[in-house]
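*Asks:* Below: one structure in structure tokens.
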Amino acid sequence: MNTNKTTIKINNRDLALSNLDKVLYPAANFTKSQILKYYSSIAPYILPHLKGRAMTLKRYPNGVNEDYFFEKRCPAHRPGWLETADIPYGTSKQLNACLVNNLETLVWVENLASIELHVPLCSAKTPLTPDSVVFDLDPGENAGVLECAKVALIIKGLLDNMKLWSAVKTSGKKGLHVYVPLNSGKTTFDDTKNFSRAIAGSMQNNYPGLVTSIMAKTSRDKKVFINWSQNDASKTMVAAYSLRAADKPMASTPLGWKELKAFLKKNDPAGLQFTYSQTLTRAKKNGDLFSAMLDKKQRLPYL
Amino acid sequence: MKKTKKAAGKTVKKNAGAKKTETPADNIPMQGIWSGTISFSLVAIPVRLVKAVEPGRVSFRMLHNKDYSPLKRKMFCPDSGKIVPPEEIIRGYEISPGKHIMITDEELESVSPDRSRTIEISEFIDLGEVDPIYFDHPYFLTPLKGGEKSYRLLVEAMKRTNKAGLAKFVLGEREYLVTVKARGKALELCTLHYNDEILSGDEYAPKKDEASDAEKNAVKNSIKKMISPFAPEKYSDQRKEKLLGILKEKTKEKQQVLAPETEEEGSAEGYEDLVAALEDSMKKIKKG
């Protein structure tokens, strides 16, 4: 039986799926069909975070060990029903991007081996006003997710003192992402950039051995780089619940702050790496720990 | 007076250049500063204005020696010592020290010429009649789609008659008097200084002091001995070349310094308050 190709129907739309048996994570013998299965199961949790956002597809047509490419433009061979949006690109141009608003679109983009799904911090309708501030914590050499956890918890303390609610997720690799929902429609990227830059600068001044706000690789040894410049209209972040291209199919996974503290206390970096199946189990058990990102309204103080 | 006017003219060009560096992807060599039509009697040719000279300056950015952050200029009030944000800055024309007449953006705009999309040639002149002191800044005009044929015809006709067009032309906030002439197969546009911008050199000339015929002849002869055709390619900006040499060497040796990742200054209102509040907050956190 040829299981490599099939046509399925979702919401009355026909989708032709191909290369289903292709192994895209060789070290884990994880195939495209398993990727499609994961995304279909996680769909209720991931879709709200993708909805209305200009999707950047990070495609790995020949698996995680081979060349990949970013696709910001929605492929021309897309089906007619697929929703897209024109978003500003560069200073004067526009770009037509896919909006992954429903299950059939999610399955369609995954059939293109878009292992990683990256979205901007703003919705396509309001390209100038981000819905959240992000602190992208990226460990340098000789640092790891536990150092990131330390930094994340200090940032949470600072945010708490400003009465700002925040959420954290694993990057699915070695980093952590701290988010502050805004959903105000008024805060600009200049505001969020200034805000995150001030925190990154303050962290660097107070924890010079642990934190750097400088991108240069050489200044990152044993330190966590707070990449505040992600708070930009042109940048994207890997979406919560997206798979990551690594040896094993890991996913970017929302966490409770208490959990994070516990992992740090136990000195357990491995515990902060979630495979796709753990992420799915967690989501089913805990619900969407990132759901407040969708509607919690907050204002940045001072700015 | 001449100097300030020139500087103001330069700002326009600089802004056009700055815009380009922001979008390197769009920076195709032919990008125009202006586009519109050049016209006389019944002919209108769509053209684009592009630069004809590349200023030879090597420019530097000012960096902070502590962390190599690029520095920015800010307006500050010497009385209070405080930085004044752009929205609190207005224009004053100084009539005597400390006394100013305010002028609003609207008033400035009211005197600016209407933006125009045409270079209307009003007269054809003999360029030999134009004192070179009038020439300010040269540009090229290139034909846009559909204008190629009339463009070629105008170039050829100007060449044959050895005449140049004189026109008025609005670029940025100013109206310029310009000459348009044939240069090879292209049209060259040059902005001119207005008559009242040209200073008289008379006051700099020495008072009459008769020299003898022998002295006059001696000078004339030494000039004659040194006559040669004008060959600008023989000369170059030595300092610039040496400087570029040093920079090239340093790039090879990878002697670069890295700025912290700051695309924009944290210049927003309240930024300093935020930083101060964070420092307070940080103390609390450190105490546990």
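Each value in this text was obtained by applying a stated rule to the coordinates, not by laboratory testing. Quick caveat, the model's predicted, so the values are computed rather than measured. Here the Cβ is made from the backbone with ideal geometry for all residues, glycine too, and neighbour counts use every protein chain on show.
*Asks:* Give or take rounding to whole Å, what are the principal axis extents of the alpha carbon atoms in chain A, in descending order?
*Replies:* 62, 43, 37
*Asks:* What net charge is computed for the residues neighbouring residue A:20, neighbours being all others with C-beta under 12 Å from the C-beta of residue A:20, Lys and Arg scored +1, Asp and Glu -1?
*Replies:* +2
*Asks:* On C-alpha positions alone, give me the angle between the axis of helix A:145-161 and the longest principal axis of chain A, in degrees, nearest 10.
*Replies:* Value to nearest ten degrees: 60.
*Asks:* Taking a 18 Å limit on the Cα-Cα distance, which of the listed pairs A:37/A:173; B:66/B:250; A:150/B:287 fall beyond it? Write down the numbers at each step before the final one.
*Replies:* On the way: A:37/A:173 21 Å; B:66/B:250 20 Å; A:150/B:287 16 Å.
Checking Cα-Cα distances, A:37/A:173; B:66/B:250 exceed 18 Å.
*Asks:* Ordered by packing density, taken as the mean number of other Cβ atoms within 10 Å over each peptide's residues, highest first, how do A:37-46, A:4-13 rank?
*Replies:* The peptides rank, most packed first, as A:37-46, A:4-13.
*Asks:* For A:242, B:39, what's the fewest-to-most ordering of other Cβ within 10 Å of each Cβ? Show your work: numbers first, answer last.
*Replies:* Details: A:242 25, B:39 18.
Listing A:242, B:39 from fewest to most nearby Cβ atoms yields B:39, A:242.
*Asks:* How would region A:163-295 be classified by its alpha-carbon gyration tensor: rounded, prolate or oblate, with rounded meaning a/c under 1.5 and the a/b versus b/c comparison settling the rest? Intermediate values should be presented prior to the final figure.
*Replies:* Working: a/c = 1.66, a/b = 1.21, b/c = 1.38.
The shape class here is oblate.
*Asks:* By how many degrees, 0 to 90 and rounded to 10, does the Cα axis of helix A:276-286 deviate from the longest principal axis of chain A?
*Replies:* Once rounded, one gets 70 degrees.
*Asks:* Please compute, for peptide A:190-202, the average count of beta-carbon atoms on other protein chains lying within 10 Å of each residue's beta-carbon.
*Replies:* Details: counts 4, 3, 0, 5, 10, 6, 0, 10, 11, 5, 2, 5, 8.
Mean partner shielding for this stretch: 5.
*Asks:* Just to check I understand the Karplus step: with θ = phi - 60° and J = 6.51 cos²θ - 1.76 cosθ + 1.60, what whole-Hz values come out for region A:31-36, glycine and proline as x?
*Replies:* The phi angles translate into 9, 4, 5, 5, 4, 4 Hz.
*Asks:* Same structure again: What number, in percent, do you get for the relative contact order of region B:140-195 if the mean sequence gap of Cα pairs under 8 Å and at least 6 apart is divided by its residue count? Show your work: numbers first, answer last.
*Replies:* Values: 74 pairs, mean separation 19.1, N = 56.
Worked out over region B:140-195, it gives 34 percent.
*Asks:* What does the charge count around residue B:223 come to, taking other residues whose C-beta lies under 15 Å from its C-beta (Lys +1, Arg +1, Asp -1, Glu -1)?
*Replies:* Numbers: positive: B:216, B:220, B:224, B:225; negative: B:215.
The answer is +3.
*Asks:* Just want to confirm a number: the relative contact order over region B:161-225, from Cα pairs under 8 angstrom separated by 6+ residues, in percent.
*Replies:* Values: 49 pairs, mean separation 11.7, N = 65.
Once normalised by length, the contact order is 18 percent.
*Asks:* Sort A:204-215, B:102-113 by packing, meaning the average of other beta carbons within 10 Å per residue, with the highest value first.
*Replies:* Values: A:204-215: 17.6, B:102-113: 10.0.
Ranked by mean Cβ neighbours within 10 Å, highest first: A:204-215, B:102-113.
*Asks:* Additional query: Could you check what % of the DSSP bridge pairs in chain A are antiparallel, to the nearest 5? Mind dumping the intermediate values first?
*Replies:* Numbers: 43 of 45 bridges.
Looking only at bridges with both residues in chain A, the antiparallel portion is about 95 percent.
*Asks:* Considering every residue in A:243-255, what mean count of other chain Cβ atoms within 10 Å of its Cβ is obtained?
*Replies:* Details: counts 0, 0, 0, 0, 0, 0, 0, 0, 0, 0, 0, 0, 0.
Counting other chains' Cβ atoms within 10 Å and averaging over A:243-255 gives 0.
*Asks:* For residue B:207, go through the lysines and keep the ones whose alpha-carbon is under 20 Å away, minus same-chain ones fewer than eight residues off.
*Replies:* Straight-distance partners of residue B:207: B:216.
*Asks:* Still on this structure, please answer the following. To the nearest µm²/s, what D does Stokes-Einstein give for region A:59-147 at 4 °C and 1.567 mPa s, using the Kirkwood radius over alpha carbon pairs as Rh?
*Replies:* Working: Rh = 15.5 Å.
D, rounded to a whole number, is 84 µm²/s.
*Asks:* Another question, then. Counting helices only, and only those DSSP H runs with n ≥ 4, report the 222 nm mean residue ellipticity of chain A as the sum of -39,500 (n - 2.57) divided by its residues, in deg cm²/dmol to the nearest 500. List each step's numbers first, then the result.
*Replies:* On the way: 7 runs with 87 residues, N = 303.
Rounded to the nearest 500, it is -9000 deg cm²/dmol.
*Asks:* Whose amide H sits under 5 Å from the amide H of residue B:135, counting only residues 5 or more places off or on another chain, with H placed in the peptide plane?
*Replies:* When sequence neighbours closer than 5 places are left aside, the close amide H contacts are B:193.
*Asks:* Okay, next question. When only Cα pairs under 8 Å and 6 or more residues apart are kept, what is the percent relative contact order across chain B? All intermediate terms of the calculation are to be shown ahead of the outcome.
*Replies:* Numbers: 288 pairs, mean separation 49.6, N = 288.
Across chain B, relative contact order equals 17 percent.
*Asks:* Scan around residue B:187 for amide H atoms under 5 Å from its own, H built in the peptide plane at 1.01 Å from N, and keep only partners 5 or more places away or cross-chain.
*Replies:* Correct list: B:141.
*Asks:* Also: Distance check, please: which entries in A:32/A:58; A:174/B:286; A:169/A:261 exceed 19 angstrom between their Cα atoms? Can you show the working numbers first?
*Replies:* Numbers: A:32/A:58 15 Å; A:174/B:286 26 Å; A:169/A:261 13 Å.
Flagged as over cut-off: A:174/B:286.
*Asks:* How much of the calculated P(r) for region B:67-124 lies past 16 Å, in percent of all Cα pairs? Don't skip to the answer; put the middle values down first.
*Replies:* On the way: 1179 of 1653 pairs.
Of all Cα-Cα distances in region B:67-124, 71 percent exceed 16 Å.
*Asks:* Taking Cα atoms, how many degrees apart are the long axis of helix A:189-206 and the longest axis of chain A, rounded to 10 and kept between 0 and 90?
*Replies:* In chain A, helix A:189-206 runs at an angle near 50 degrees to the longest axis.
*Asks:* Let me ask another. Take each of the peptides A:79-88, B:80-89, A:152-161, average the number of other beta-carbon atoms within 10 Å over its residues, and list them starting from the highest. Display every interim value, and only then the final one.
*Replies:* On the way: A:79-88: 14.8, B:80-89: 9.2, A:152-161: 19.4.
Ranked from most to least packed, the peptides come out as A:152-161, A:79-88, B:80-89.
*Asks:* Report, largest value first, the span of the C-alpha coordinates of the protein assembly as shown along each principal axis, in whole Å.
*Replies:* 107, 64, 51
*Asks:* Share of Cα-Cα pairs in region A:119-217 beyond 24 Å, in percent? Show your work: numbers first, answer last.
*Replies:* Values: 1050 of 4851 pairs.
For region A:119-217, the share of Cα pairs beyond 24 Å comes to 22 percent.
*Asks:* If you take each beta carbon of peptide A:152-161 and count the beta carbons of other chains within 10 angstrom, what is the mean? Before the final figure, lay out the partial values.
*Replies:* Details: counts 0, 1, 3, 1, 1, 5, 6, 1, 2, 7.
Per residue, the number of nearby Cβ atoms from other chains is 3 on average.
*Asks:* Have a look at the DSSP beta bridges in region A:132-294 and tell me what percent are antiparallel, nearest 5.
*Replies:* Numbers: 19 of 21 bridges.
Around 90 percent of the beta bridges assigned by DSSP in region A:132-294 are antiparallel ones.
*Asks:* In whole Å, what are the Cα extents of chain B along the three principal axes, biggest one first?
*Replies:* The Cα atoms of chain B stretch 91, 58, 54 Å along the principal axes, largest first.
*Asks:* Where in chain B lies the longest segment free of chymotrypsin sites (Phe, Trp or Tyr not before Pro) that are both loop residues by DSSP (not H, G, I, E, B) and have at most 15 other Cβ atoms within 10 Å?
*Replies:* For chymotrypsin sites (Phe, Trp or Tyr not before Pro) (loop position, at most 15 other Cβ atoms within 10 Å), the longest site-free span of chain B is B:69-193.
*Asks:* Along the Cα→Cβ direction, 7 angstrom out, place labels at residue B:258 and residue B:160. What is the inter-label distance in nm?
*Replies:* In this crude label model, residue B:258 to residue B:160 measures out at 6.5 nm.
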